[in-house]
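The values are calculated or read from the model by the stated rules, or taken from the named source; none is laboratory data. What you see is a predicted model; the values in this text were computed from it and never measured. We place every Cβ from the backbone using ideal geometry, glycine too, and count neighbours over all the protein chains shown.
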(Lines give C-alpha, C1' and ligand atoms only; values in the text may rest on other atoms or scores of the structure.)
Protein backbone atom coordinates (compact mmCIF):
# COMPACT_ATOMS: atom_id res chain seq x y z
CA UNK A 1 0.00 0.00 0.00
CA UNK A 2 1.49 3.30 -1.13
CA UNK A 3 1.43 5.98 1.56
CA UNK A 4 2.12 9.58 0.62
CA UNK A 5 3.49 12.37 2.81
CA UNK A 6 0.06 13.90 3.37
CA UNK A 7 -1.33 10.63 4.73
CA UNK A 8 1.63 10.30 7.08
CA UNK A 9 1.17 13.86 8.33
CA UNK A 10 -2.57 13.50 8.89
CA UNK A 11 -2.05 10.16 10.65
CA UNK A 12 0.61 11.75 12.84
CA UNK A 13 -1.77 14.60 13.75
CA UNK A 14 -4.49 12.09 14.62
CA UNK A 15 -2.01 10.36 16.93
CA UNK A 16 -1.06 13.63 18.62
CA UNK A 17 -4.71 14.54 19.21
CA UNK A 18 -5.51 11.14 20.68
CA UNK A 19 -2.32 11.29 22.72
CA UNK A 20 -3.49 14.54 24.32
CA UNK A 21 -6.82 12.98 25.23
CA UNK A 22 -5.14 9.95 26.79
CA UNK A 23 -2.78 12.22 28.70
CA UNK A 24 -5.64 14.14 30.28
CA UNK A 25 -7.04 10.86 31.58
CA UNK A 26 -3.76 9.11 32.42
CA UNK A 27 -2.01 12.02 34.17
CA UNK A 28 -4.50 12.07 37.03
CA UNK A 29 -4.49 8.28 37.27
CA UNK A 30 -0.68 8.21 37.38
CA UNK A 31 -0.39 10.87 40.08
CA UNK A 32 -3.14 9.32 42.22
CA UNK A 33 -1.58 5.87 41.88
CA UNK A 34 1.92 7.16 42.59
CA UNK A 35 0.88 9.39 45.50
CA UNK A 36 -1.87 7.40 47.20
CA UNK A 37 -1.04 3.87 46.05
CA UNK A 38 -4.63 3.53 44.84
CA UNK A 39 -5.16 1.75 41.53
CA UNK A 40 -8.44 3.48 40.77
CA UNK A 41 -10.12 1.25 38.20
CA UNK A 42 -13.06 3.66 38.17
CA UNK A 43 -10.89 6.54 36.96
CA UNK A 44 -12.00 6.27 33.33
CA UNK A 45 -15.60 6.38 34.56
CA UNK A 46 -15.02 10.04 35.44
CA UNK A 47 -14.03 10.55 31.80
CA UNK A 48 -17.39 9.12 30.78
CA UNK A 49 -19.23 10.99 33.55
CA UNK A 50 -17.64 14.30 32.48
CA UNK A 51 -18.75 13.69 28.90
CA UNK A 52 -22.37 13.04 29.90
CA UNK A 53 -22.48 15.93 32.36
CA UNK A 54 -21.00 18.23 29.72
CA UNK A 55 -23.65 17.00 27.29
CA UNK A 56 -26.41 17.89 29.76
CA UNK A 57 -24.93 21.31 30.47
CA UNK A 58 -24.68 21.91 26.72
CA UNK A 59 -28.33 20.92 26.31
CA UNK A 60 -29.41 23.31 29.06
CA UNK A 61 -27.24 26.32 28.18
CA UNK A 62 -26.64 25.77 24.47
CA UNK A 63 -23.06 26.93 25.07
CA UNK A 64 -20.15 24.53 24.51
CA UNK A 65 -17.73 26.69 26.48
CA UNK A 66 -19.95 26.61 29.55
CA UNK A 67 -20.13 22.81 29.29
CA UNK A 68 -16.33 22.73 28.94
CA UNK A 69 -16.11 24.57 32.26
CA UNK A 70 -18.89 22.95 34.27
CA UNK A 71 -18.54 19.35 33.04
CA UNK A 72 -15.02 18.88 34.46
CA UNK A 73 -15.90 20.79 37.64
CA UNK A 74 -18.84 18.46 38.29
CA UNK A 75 -16.63 15.44 37.58
CA UNK A 76 -14.04 16.82 40.02
CA UNK A 77 -16.74 17.26 42.67
CA UNK A 78 -17.80 13.65 42.13
CA UNK A 79 -14.18 12.58 42.49
CA UNK A 80 -13.78 14.54 45.73
CA UNK A 81 -16.89 12.93 47.22
CA UNK A 82 -15.70 9.49 46.07
CA UNK A 83 -12.35 9.87 47.79
CA UNK A 84 -13.80 11.30 51.00
CA UNK A 85 -16.73 8.96 51.56
CA UNK A 86 -15.68 5.75 49.80
CA UNK A 87 -11.93 5.39 49.37
CA UNK A 88 -10.71 7.07 52.54
CA UNK A 89 -12.57 4.72 54.93
CA UNK A 90 -11.05 1.62 53.30
CA UNK A 91 -7.58 3.03 52.63
CA UNK A 92 -6.06 1.34 55.68
CA UNK A 93 -7.76 -1.95 54.88
CA UNK A 94 -5.44 -2.63 51.96
CA UNK A 95 -5.24 -2.45 48.19
CA UNK A 96 -7.58 -5.39 47.63
CA UNK A 97 -10.49 -3.52 49.22
CA UNK A 98 -9.68 -0.39 47.17
CA UNK A 99 -9.52 -2.48 44.03
CA UNK A 100 -12.86 -4.13 44.69
CA UNK A 101 -14.42 -0.80 45.63
CA UNK A 102 -13.31 1.00 42.48
CA UNK A 103 -14.44 -1.90 40.28
CA UNK A 104 -17.84 -1.74 41.92
CA UNK A 105 -17.91 2.05 41.60
CA UNK A 106 -17.22 1.83 37.87
CA UNK A 107 -20.18 -0.52 37.46
CA UNK A 108 -22.42 1.76 39.52
CA UNK A 109 -21.46 4.82 37.44
CA UNK A 110 -22.07 2.85 34.25
CA UNK A 111 -25.56 1.86 35.37
CA UNK A 112 -26.33 5.40 36.53
CA UNK A 113 -25.29 6.71 33.12
CA UNK A 114 -27.53 4.18 31.36
CA UNK A 115 -30.39 5.04 33.68
CA UNK A 116 -29.97 8.79 33.31
CA UNK A 117 -29.04 9.17 29.65
CA UNK A 118 -29.95 5.85 28.03
CA UNK A 119 -27.82 3.39 26.10
CA UNK A 120 -27.89 5.02 22.66
CA UNK A 121 -24.88 7.08 21.48
CA UNK A 122 -25.38 10.83 21.97
CA UNK A 123 -24.08 13.14 19.24
CA UNK A 124 -22.41 16.40 20.25
CA UNK A 125 -22.11 19.25 17.79
CA UNK A 126 -18.80 21.00 17.33
CA UNK A 127 -19.09 24.67 18.40
CA UNK A 128 -19.63 26.97 15.39
CA UNK A 129 -16.34 28.80 15.98
CA UNK A 130 -14.41 25.55 15.53
CA UNK A 131 -16.29 23.90 12.65
CA UNK A 132 -13.85 24.88 9.92
CA UNK A 133 -10.75 23.15 8.62
CA UNK A 134 -7.22 24.07 7.63
CA UNK A 135 -5.29 23.21 4.49
CA UNK A 136 -2.26 21.03 5.25
CA UNK A 137 -0.14 19.90 2.29
CA UNK A 138 -3.13 20.01 0.01
CA UNK A 139 -5.39 18.16 2.44
CA UNK A 140 -7.92 19.52 4.91
CA UNK A 141 -7.67 18.93 8.64
CA UNK A 142 -10.51 19.68 11.09
CA UNK A 143 -9.98 22.82 13.13
CA UNK A 144 -11.60 21.22 16.17
CA UNK A 145 -8.97 18.48 16.32
CA UNK A 146 -6.24 21.13 16.28
CA UNK A 147 -8.10 22.90 19.10
CA UNK A 148 -8.01 19.69 21.15
CA UNK A 149 -4.26 19.37 20.61
CA UNK A 150 -3.34 22.93 21.55
CA UNK A 151 -5.86 23.05 24.38
CA UNK A 152 -4.36 19.86 25.77
CA UNK A 153 -0.87 21.34 25.55
CA UNK A 154 -2.12 24.38 27.50
CA UNK A 155 -3.52 22.10 30.20
CA UNK A 156 -0.20 20.21 30.29
CA UNK A 157 1.71 23.47 30.74
CA UNK A 158 -0.63 24.60 33.53
CA UNK A 159 -0.34 21.24 35.28
CA UNK A 160 3.46 21.29 35.04
CA UNK A 161 3.49 24.83 36.39
CA UNK A 162 1.42 23.81 39.41
CA UNK A 163 3.45 20.67 40.12
CA UNK A 164 6.91 22.20 39.74
CA UNK A 165 6.51 25.89 40.59
CA UNK A 166 4.08 26.02 43.52
CA UNK A 167 4.13 24.92 47.15
CA UNK A 168 1.16 22.64 46.51
CA UNK A 169 3.06 20.95 43.70
CA UNK A 170 6.08 20.48 45.94
CA UNK A 171 3.88 18.83 48.57
CA UNK A 172 2.27 16.57 45.96
CA UNK A 173 5.65 15.49 44.57
CA UNK A 174 6.97 14.87 48.06
CA UNK A 175 3.88 12.86 48.96
CA UNK A 176 4.40 10.69 45.89
CA UNK A 177 7.91 9.90 47.11
CA UNK A 178 7.27 9.60 50.86
CA UNK A 179 3.72 10.28 52.09
CA UNK A 180 4.53 9.21 55.67
CA UNK A 181 7.28 11.80 56.01
CA UNK A 182 5.10 14.54 54.52
CA UNK A 183 2.37 13.75 57.02
CA UNK A 184 4.91 13.74 59.89
CA UNK A 185 6.00 17.26 58.89
CA UNK A 186 2.51 18.56 59.62
CA UNK A 187 0.89 18.51 56.18
CA UNK A 188 -2.79 17.59 56.08
CA UNK A 189 -2.18 14.70 53.69
CA UNK A 190 -5.82 13.50 53.58
CA UNK A 191 -6.83 16.94 52.32
CA UNK A 192 -4.02 16.93 49.76
CA UNK A 193 -5.01 13.44 48.65
CA UNK A 194 -8.58 14.62 48.22
CA UNK A 195 -7.50 17.61 46.13
CA UNK A 196 -5.30 15.45 43.92
CA UNK A 197 -8.02 12.84 43.46
CA UNK A 198 -10.51 15.57 42.54
CA UNK A 199 -7.99 17.09 40.11
CA UNK A 200 -7.48 13.72 38.43
CA UNK A 201 -11.24 13.20 38.09
CA UNK A 202 -11.61 16.72 36.72
CA UNK A 203 -8.91 16.19 34.10
CA UNK A 204 -10.57 12.95 33.03
CA UNK A 205 -13.91 14.76 32.85
CA UNK A 206 -12.29 17.50 30.77
CA UNK A 207 -11.06 14.89 28.30
CA UNK A 208 -14.58 13.47 28.11
CA UNK A 209 -16.13 16.84 27.29
CA UNK A 210 -13.70 17.75 24.51
CA UNK A 211 -13.70 14.21 23.08
CA UNK A 212 -17.49 14.11 22.76
CA UNK A 213 -17.81 15.93 19.41
CA UNK A 214 -15.29 13.67 17.62
CA UNK A 215 -15.58 10.33 19.44
CA UNK A 216 -19.22 10.42 20.49
CA UNK A 217 -20.73 9.78 23.91
CA UNK A 218 -21.81 6.25 24.75
CA UNK A 219 -21.78 3.97 27.82
CA UNK A 220 -18.75 1.95 26.70
CA UNK A 221 -16.45 4.92 26.19
CA UNK A 222 -14.79 4.49 29.60
CA UNK A 223 -13.62 0.97 28.78
CA UNK A 224 -11.83 2.00 25.59
CA UNK A 225 -9.96 4.99 27.00
CA UNK A 226 -9.45 3.37 30.40
CA UNK A 227 -7.40 0.54 28.93
CA UNK A 228 -5.21 2.95 26.97
CA UNK A 229 -4.74 5.15 30.06
CA UNK A 230 -3.71 2.14 32.14
CA UNK A 231 -1.07 1.18 29.55
CA UNK A 232 0.19 4.78 29.57
CA UNK A 233 0.57 4.73 33.37
CA UNK A 234 2.47 1.45 33.30
CA UNK A 235 4.73 2.42 30.40
CA UNK A 236 5.41 5.98 31.59
CA UNK A 237 5.97 5.14 35.25
CA UNK A 238 3.85 5.71 38.34
CA UNK A 239 3.66 9.30 39.54
CA UNK A 240 5.70 10.68 36.64
CA UNK A 241 4.13 13.56 34.70
CA UNK A 242 6.90 13.36 32.09
CA UNK A 243 6.30 9.63 31.78
CA UNK A 244 2.57 10.23 31.25
CA UNK A 245 3.33 12.77 28.51
CA UNK A 246 5.82 10.60 26.63
CA UNK A 247 3.80 7.42 26.96
CA UNK A 248 0.55 9.15 25.94
CA UNK A 249 1.98 10.43 22.69
CA UNK A 250 3.74 7.12 22.09
CA UNK A 251 0.51 5.16 22.50
CA UNK A 252 -1.44 7.76 20.51
CA UNK A 253 0.90 7.50 17.53
CA UNK A 254 1.07 3.74 17.86
CA UNK A 255 -2.72 3.50 17.73
CA UNK A 256 -2.97 5.91 14.81
CA UNK A 257 -0.28 4.34 12.63
CA UNK A 258 -1.28 0.86 13.73
CA UNK A 259 -4.77 1.34 12.29
CA UNK A 260 -3.19 2.64 9.07
CA UNK A 261 -0.45 0.04 8.60
CA UNK A 262 -1.48 -3.01 10.61
CA UNK A 263 -5.25 -2.84 11.17
CA UNK A 264 -5.43 -6.53 12.12
CA UNK A 265 -2.91 -6.09 14.94
CA UNK A 266 -3.52 -2.48 16.01
CA UNK A 267 -5.28 -3.50 19.23
CA UNK A 268 -2.34 -5.55 20.51
CA UNK A 269 0.52 -3.24 19.50
CA UNK A 270 0.35 -1.15 22.67
CA UNK A 271 0.39 -4.29 24.84
CA UNK A 272 3.45 -5.45 22.94
CA UNK A 273 5.16 -2.13 23.64
CA UNK A 274 4.15 -2.37 27.31
CA UNK A 275 5.65 -5.86 27.54
CA UNK A 276 8.91 -4.66 25.94
CA UNK A 277 9.19 -1.66 28.29
CA UNK A 278 8.44 -3.72 31.39
CA UNK A 279 11.00 -6.33 30.41
CA UNK A 280 13.65 -3.61 30.23
CA UNK A 281 12.46 -1.23 32.97
CA UNK A 282 9.84 -2.81 35.26
CA UNK A 283 9.18 0.59 36.89
CA UNK A 284 8.31 2.19 33.53
CA UNK A 285 10.24 4.63 31.37
CA UNK A 286 10.42 7.41 33.97
CA UNK A 287 9.30 5.64 37.14
CA UNK A 288 11.58 5.39 40.14
CA UNK A 289 12.71 2.09 41.57
CA UNK A 290 10.75 1.11 44.63
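Are any of the residues in the stretch 242-253 within 20 Å of the chain's Cα centre (by Cα), farther than 24 Å from residue 149 by Cα, in contact (Cβ under 8 Å) with a residue 24 or more places away in the chain and assigned to a helix (DSSP H, G or I)? No, the stretch 242-253 contains no residue that is within 20 Å of the chain's Cα centre (by Cα), farther than 24 Å from residue 149 by Cα, in contact (Cβ under 8 Å) with a residue 24 or more places away in the chain and assigned to a helix (DSSP H, G or I). Criterion first (assigned to a helix (DSSP H, G or I), at pLDDT 95 or above and either touching a strand residue (DSSP E or B) at 6+ places or on another chain (Cβ under 8 Å) or more than 23 Å from residue 236 (Cα to Cα) (or both)) does residue 68 satisfy it? Yes, satisfied.
Quick grid of which residues meet (1) touching a strand residue (DSSP E or B) at 6+ places or on another chain (Cβ under 9 Å); (2) within 22 Å of residue 43 (Cβ to Cβ); (3) free of Cβ contacts under 8 Å to residues at least 40 places away in the same chain; (4) surrounded by 13 or more Cβ atoms within 10 Å (Cβ to Cβ):
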position	(1), (2), (3), (4)
139	no, no, no, yes
155	no, yes, no, yes
165	no, no, yes, no
222	no, yes, no, yes
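So which residues in the stretch 255-273 are within 19 Å of the chain's Cα centre (by Cα) and surrounded by fewer than 19 Cβ atoms within 10 Å (Cβ to Cβ), if there are any at all?
Going through the stretch 255-273, the residues within 19 Å of the chain's Cα centre (by Cα) turn out to be 255-256, 267, 270-271.
Of everything in the stretch 255-273, those that are within 19 Å of the chain's Cα centre (by Cα) and surrounded by fewer than 19 Cβ atoms within 10 Å (Cβ to Cβ) turn out to be 267, 271.
As a summary of the residue check, residue 135 satisfies the conditions (1) assigned to a helix (DSSP H, G or I); (2) exposed (fewer than 15 other Cβ atoms within 10 Å of the Cβ); (3) out of contact with any helix residue (DSSP H, G or I) (no Cβ under 6 Å at 6 or more places or on another chain) except for the one numbered (1). Checking each residue of the stretch 190-203 against the condition of being touching a residue at least 60 places away in the same chain (Cβ under 8 Å) and over 17 Å from residue 30 (Cβ atoms) gives at least one match.
One line per residue, one yes/no per condition, for (1) surrounded by fewer than 20 Cβ atoms within 10 Å (Cβ to Cβ); (2) free of Cβ contacts under 8 Å to residues at least 40 places away in the same chain; (3) closer than 19 Å to residue 233 by Cβ; (4) over 21 Å from the mean Cα position of the chain (by Cα):
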residue	(1), (2), (3), (4)
25	no, no, yes, no
43	no, no, yes, no
46	no, no, yes, no
49	no, no, no, no
72	no, no, no, no
83	no, no, yes, no
88	yes, no, no, yes
92	yes, yes, no, yes
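Filtering the stretch 94-104 to residues that are surrounded by fewer than 19 Cβ atoms within 10 Å (Cβ to Cβ) and either touching a helix residue (DSSP H, G or I) at 6+ places or on another chain (Cβ under 7 Å) or not in a helix (DSSP H, G or I) (or both) leaves 94, 97.
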